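The values are calculated or read from the model by the stated rules, or taken from the named source; none is laboratory data. Quantities reported herein were computed from a predicted structural model and do not represent experimental measurements. Ideal geometry is used to build each Cβ from the backbone, glycine not excepted, and the neighbour counts take in all protein chains shown. Just the protein is used for accessible areas: all its heavy atoms, side chains included, with ligands, DNA and RNA removed. Shrake-Rupley method; radii C 1.70, N 1.55, O 1.52, S 1.80 Å.
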Amino acid sequence: MALTMDSEIRFVKGVGEARMKLYRRLGIGTVGELLYHIPRSYLDLRHPRSILEAQLGETAAVRGIVASKSGEQRLRKGLSVFKVQVVDQQGDMTLTFFNGKYTVAALREGEEYLFYGRMGGTLLHRQMQSPAVFPAAGAGLVPVYALTAGITSRMVARHVSAALEALELLPDSLPSWLRQSYGLMELEQALRLVHFPQDLDQARQGRERLAFEELLCLGIGFSRLKTGRSRERTRPMTAQDLTPFYRSLPFTPTGAQMRAIRQALEDLCQETPMNRLIQGDVGSGKTLVAAACCYFAFLNGRQSAMMAPTELLAEQHFHTLTRLLGPLGVRVGLLTGSSTAKAKRELKAALAAGSLDLCVGTHALLTGDVAWAGLGLVVTDEQHRFGVAQRMALTAKGEGVHTLVMSATPIPRTLALIIYGDLELSVIDEMPAGRTPVETYLIDSAKRERALGYIRKHLDQGFQGYIVCPLVEEDEQQPQGKGAVEWAGELAETSFRGYRLGLLHGKMKPREKEAVMAAFSRGELQLLVATTVIEVGIDVPNAVIMMIENAERFGLSQLHQLRGRVGRGTQRSTCILLSDAKNPETRQRLRTLCQTTDGFRIAEEDLALRGPGDFFGMRQHGLPQMQVADLAADSRLLAATQEAAGLLLKRDPRLESCPALSRRVERMMETAGAL
């Protein structure tokens, strides 16, 4: 039967109902989604080696004749082993297949095959474990796909081929003038080349055409968001004298802070509501910029809201802003989930009456019964923890509300363009005076006791410290991860007997967390054993030393965030990364952190290694999942697609001439929760 891109995948020859259910685990439900499920790599069978030519440790295609097959050996229930002897004119090797009954049964003694795998064993006795098997004639480049149980790469390739043959019509989503302008091939050719290339250059060309289209959809989607915002109108604020604010500060703001404040105040005086991202490294002083904007709104008779992702961070901002703005007449309130019923009632009444100028809080600010007399500015902290929808829910509580977003995660500019495509960008790239860079060291378990002694030395001098664990509790499935609960108990009985230890993790109730943090902030606790719950929201200048257990279990940007909890004062501070990982790439990744405290360089490295989806250790809200494009590697394409999106929307704002592209943009943005 003839198929379209929107046809259900079960109608593709060879798929059916049962396999359709398996494909759905991969997020594939239609023919179009199958065709855009492109190979993540290719096996190169074009130049097979002889058995002795393949180097030990090398992954290669090796040509050989099956000499003999052994019977099944059962190691234990559910695990069997099959051995196959393979020879050529120069040598021989042993193949081992685990639970490979059908693979081995299909091999015929005396026949020649290609075996693709990692060459192991010794110079005299070559071995391969569970190689992929292909006909001796070879197949050029063989696509390798992301899979799920019950689906193989060969199966996907077969189904893709069947889908391409059965397609009644494959409409090109890009208009011909745009393809010509940017030298892009037609969609059908791109799909055939990316799935079944003759060489790697063809695969690259096909992938680049598909990546261009995907990034173009992103650019159009966020451009529409931005255009929608630019049509909004608000009552502009008027210029005010901030001298009292600057005079009240116990320090001189950096040039970068002053630049960010100036840019934000210019936005506040426009008829279009501000949508600005203040991006800066840990400790660069973003809160000061937010405070200046809230004071400016106050002078203009408008209320402000600041939303933080955790109660700890909300409380910290409340104390900071009360200290900075309270003496200037700004009335500041705090609203969190654990505020008492009476406190919530009184605060909501004050907001509605206009007798509160600034309210700091968590998601509690979003509840339907929170009404404002004149909300003019919304500040959100650590934006990647809030979806676009949440940000808009808060701004909807007023008319023409201005938005200021603060992110302490340095994001490579390429990624910032996408995630915050609807915001203007201010970067605070200067640290406040007096801050000393944190010294970072990488050690293994053999030096753990020495490191613990080094921490004790600092505690004895009156300082405080952290020990960070990747898990709340020990996990039998992942025994290599330290659990904060058990480790805190063990340390209290051994290395830190007699010291005042605290425990902090995400499974504790909010009140328990706040009590521990308050005690640590007051200096009543000397050492805090914690999980990543301390990543945001803790500012204790007396804490000067940190040790991170199983550091390989964290992303670089997350490690950088954790490290930012020390070095908040003027004292020399230290971060110790403890890891027994032997993988050279993992070691090098951790050494990057020892070599630099530049959050932007670390972020670029992290993005290249981990990809945008896991960049923050969690799936990004408001960022569509990329099927083809690589935001780290495709920065050149990104610039071109931003330009192309502008040209296309100028010619055809509603994309009436490109219905396939319009549908794809809508689906992409809906999936991301951005529309």
Within segment 240-260, work out how many residues are touching a Ser or Thr at 6+ places or on another chain (Cβ under 9 Å) and not in a loop (DSSP other than H, G, I, E, B). 5
Residue satisfying all of: in segment 560-581; more than 12 Å from GLU439 (Cβ to Cβ) and of a type in the set (Gly, Ala, Ser); modelled with the lowest pLDDT among these: GLY569
Residues located in segment 264-299, provided they are among the hydrophobic types (A, V, I, L, M, F, W, C), open to solvent by 10 Å² or more (accessible area, probe 1.4 Å) and out of contact with any helix residue (DSSP H, G or I) (no Cβ under 7 Å at 6 or more places or on another chain): CYS269, PHE298, LEU299
Out of (1) closer than 23 Å to LEU647 by Cβ; (2) open to solvent by less than 10 Å² (accessible area, probe 1.4 Å), the one ALA203 does not meet is (1)
Kindly check whether there is at least one residue in segment 232-244 that is crowded, with 20+ Cβ neighbours inside 10 Å and under 18 Å from GLN627 (Cβ atoms). no
Which one is modelled with the highest pLDDT among residues in segment 207-239 that are outside any helix (DSSP H, G or I) and β-branched (Val, Ile, Thr)? THR238
Long-range neighbours under 9 Å by Cβ, at least six apart or interchain, first residue over 19 Å from ARG24 (Cα atoms) within segment 156-167, second in a helix (DSSP H, G or I) and open to solvent by 20 Å² or more (accessible area, probe 1.4 Å): LEU164/GLU188; LEU164/ARG192; ALA166/PHE11; LEU167/GLU188
Kindly indicate whether ARG572 is over 17 Å from TRP487 (Cα atoms), of a type in the set (D, E, K, R) and crowded, with 19+ Cβ neighbours inside 10 Å. no
Out of (1) aliphatic (A, V, I, L, M); (2) open to solvent by 20 Å² or more (accessible area, probe 1.4 Å); (3) under 30 Å from TYR23 (Cβ atoms), the odd one out for LEU114 is which? (2)
Could you please find all residues in segment 582-604 being modelled with pLDDT of 85 or more, open to solvent by 10 Å² or more (accessible area, probe 1.4 Å) and within 22 Å of the chain's Cα centre (by Cα)? THR586, ARG587, GLN588, ARG589, ARG591, CYS594, THR596
Residues that are in contact with a Pro (Cβ under 7 Å, 6 or more places away or on another chain) and either part of a helix (DSSP H, G or I) or at positive phi (or both), drawn from segment 526-566: ASN550, ARG553
Look through segment 291-320, keep the residues that are at pLDDT 95 or above and hydrophobic (A, V, I, L, M, F, W, C), and return whichever of them is farthest from LEU268 (Cα to Cα). ALA291
Would you mention how many residues in segment 505-525 are surrounded by fewer than 22 Cβ atoms within 10 Å (Cβ to Cβ) and part of a loop (DSSP other than H, G, I, E, B)? 8
Could we say that GLY400 is modelled with pLDDT of 75 or more and part of a helix (DSSP H, G or I) here? no
Residue check, ILE545 against (1) in contact with a His (Cβ under 6 Å, 6 or more places away or on another chain); (2) over 18 Å from GLY283 (Cβ atoms), all met but one. Which one? (2)
Odd one out for VAL485, checked against (1) touching a helix residue (DSSP H, G or I) at 6+ places or on another chain (Cβ under 8 Å); (2) farther than 28 Å from GLN571 by Cα; (3) part of a helix (DSSP H, G or I): (1)
Selected residue (criterion: farthest from the chain's Cα centre (by Cα)) from residues of segment 261-298 that are in a loop (DSSP other than H, G, I, E, B) and touching a residue at least 40 places away in the same chain (Cβ under 8 Å): THR272
